[in-house]
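What follows is a set of notes on a single structure, which appears directly below.
The values are calculated or read from the model by the stated rules, or taken from the named source; none is laboratory data. Keep in mind that what you see is a predicted model, and the values were worked out from it rather than measured. Ideal geometry is used to build each Cβ from the backbone, glycine not excepted, and the neighbour counts take in all protein chains shown.
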């Protein structure tokens, strides 16, 4: 979003960027070889993954200890169910 881009440009905290980083960290973990292991790594990184129909929803506490939720559609196609399950 524009707001998110502005925060990043100002070097300010963006919870969406934080969430993407946590998901990427989980995906890059060499021990992740299944969906269940991926969910465990997300949990280790403070993210709860929920399936909502055919899409993912992510929940976590941000750096300000505020509960945040985001659906895959707001994060981008790289964070969607189809992409992640086929990696």
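Summed over the stretch 44-61, residues that are outside any strand (DSSP E or B) and within 21 Å of residue 28 (Cβ to Cβ) total 3.
For the stretch 29-71, how many residues meet the condition of being touching a residue at least 12 places away in the same chain (Cβ under 8 Å) and over 17 Å from residue 14 (Cβ atoms)? Let's see the steps before the verdict.
Residues of the stretch 29-71 that are touching a residue at least 12 places away in the same chain (Cβ under 8 Å), as a first pass: 29, 35, 38, 41-42, 44-48, 51-52, 54-64, 66, 68-71.
Add one more test, that the residue is over 17 Å from residue 14 (Cβ atoms), and what stays is 29, 35, 38, 41-42, 44, 48, 51-52, 54-57.
Residues flagged as touching a residue at least 12 places away in the same chain (Cβ under 8 Å) and over 17 Å from residue 14 (Cβ atoms) within the stretch 29-71 amount to 13.
Residues in the stretch 48-87 that are closer than 22 Å to residue 5 by Cα, in contact with a helix residue (DSSP H, G or I) (Cβ under 9 Å, 6 or more places away or on another chain) and surrounded by 13 or more Cβ atoms within 10 Å (Cβ to Cβ): 57, 58, 60, 62, 68, 70, 72, 74, 75, 78, 79, 80.
Among the residues in the stretch 35-48, are any over 13 Å from residue 84 (Cβ atoms), modelled with pLDDT of 95 or more and touching a strand residue (DSSP E or B) at 6+ places or on another chain (Cβ under 6 Å)? Taking every residue of the stretch 35-48 in turn, at least one turns out to be over 13 Å from residue 84 (Cβ atoms), modelled with pLDDT of 95 or more and touching a strand residue (DSSP E or B) at 6+ places or on another chain (Cβ under 6 Å). I'd like to know if the stretch 68-81 contains one or more residues that are outside any helix (DSSP H, G or I) and more than 15 Å from the chain's Cα centre (by Cα). No, that holds for no residue.
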